[in-house]
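Here's the structure we're looking at; comments come further down.
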Amino acid sequence: MDSFPLANAESVVAQARAGDPAAFEALFRAFEVPVYNLARRICRTAEDAEDVLQETFFEICRSIARYREEGSLWGWIRTIAASKALMRLRRNKYRETEELHEEVATGNRREDAHLRMDLEAALERLSETSRAVVWLHDVEGYTHDEIAGMMGKTPSFSKSQLARAHARLRRWLGEEVAS
């Protein structure tokens, strides 16, 4: 069952496969908000999220005939959206350099001492790659194998990104306890 219900989903998909513009509009209206929200969590800017939204629905229009109805419609759309968002990250010209990322991650202790922020602000401080891994794993429920496949990396890469991101988030949120 889809998390975002669409009345007569099978009928709408069949009509979309036949090229009915109203069916494509129904798909867009039913899933534009969750797709945008997913993209916004992975991408840094609203503009990138809007681009991902458009790219996702363009891909849906192009490949609706390949949707096999084996899983939920939202699951299929979500996979496309996550893939498009990750591709957007790879293409971004303003991607942080690893040196800048490490400087922020290790930070100066003076900044860390007074820095108490909410989770949203902390997530914004993560690199695009780390934020994407955190969101895909912790919120969307993707496995490390699935994330690795989407990012063209290994499961170990996903696991290490997640572990480092969690450590940074705990430190930034002041929740790290002495071991």
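Got a sec? Which of 90, 68, 41 is crowded, with 18+ Cβ neighbours inside 10 Å and either under 21 Å from residue 147 (Cα atoms) or of a type in the set (D, E, K, R) (or both)?
Numbers: 90 fails: crowded, with 18+ Cβ neighbours inside 10 Å; 68 fails: crowded, with 18+ Cβ neighbours inside 10 Å.
The match here is 41.
Looking at residue 47 and the list (1) surrounded by fewer than 12 Cβ atoms within 10 Å (Cβ to Cβ); (2) under 13 Å from the mean Cα position of the chain (by Cα), which single condition is not satisfied?
Among (1) surrounded by fewer than 12 Cβ atoms within 10 Å (Cβ to Cβ); (2) under 13 Å from the mean Cα position of the chain (by Cα), the lone unmet condition for residue 47 is (2).
Just one of the numbered conditions (1) in a helix (DSSP H, G or I); (2) modelled with pLDDT of 75 or more is not true of residue 105; which one?
The number of the failed condition is (2).
Among all residue pairs at least 6 apart or on different chains, which show Cβ distances below 6 Å where the first residue, located in the stretch 150-167, is on the phi < 0 side of the Ramachandran plot and the second is acidic (Asp, Glu) and not in a loop (DSSP other than H, G, I, E, B)?
Close Cβ pairs (under 6 Å, with a partner that is acidic (Asp, Glu) and not in a loop (DSSP other than H, G, I, E, B)) amount to 155/145.
Looking at this structure, is residue 22 closer than 21 Å to residue 69 by Cβ and in the same structural domain as residue 73 (by TED's automatic domain parsing)?
yes
Within the stretch 117-155, can you find the residues that are small (Gly, Ala, Ser) and under 22 Å from residue 84 (Cα atoms)?
Result: 127, 130, 132, 141, 148, 149, 152.
Answer with yes or no whether residue 3 is in a helix (DSSP H, G or I), on the phi < 0 side of the Ramachandran plot, modelled with pLDDT under 95 and in contact with a helix residue (DSSP H, G or I) (Cβ under 9 Å, 6 or more places away or on another chain).
When the stated conditions are applied, residue 3 does not pass them.
Considering only residues that are in contact (Cβ under 8 Å) with a residue 60 or more places away in the chain and assigned to a helix (DSSP H, G or I), which ones fall in the stretch 39-54?
41, 42
So which residues in the stretch 55-92 are of a type in the set (Lys, Arg), out of contact with any Cys (no Cβ under 9 Å at 6 or more places or on another chain) and in contact (Cβ under 8 Å) with a residue 24 or more places away in the chain, if there are any at all?
Hits for the stretch 55-92 are 78, 84.
Quick one: residue 172 ticks every box in (1) crowded, with 16+ Cβ neighbours inside 10 Å; (2) aromatic (Phe, Trp, Tyr); (3) at pLDDT below 80 bar one, so which box is it?
Every condition holds for residue 172 apart from (3).
The values are calculated or read from the model by the stated rules, or taken from the named source; none is laboratory data. Keep in mind it's a predicted model, so treat the numbers as computed, not measured. Glycine also receives a Cβ, built like all others from the backbone with ideal geometry; neighbour counts cover every protein chain displayed.
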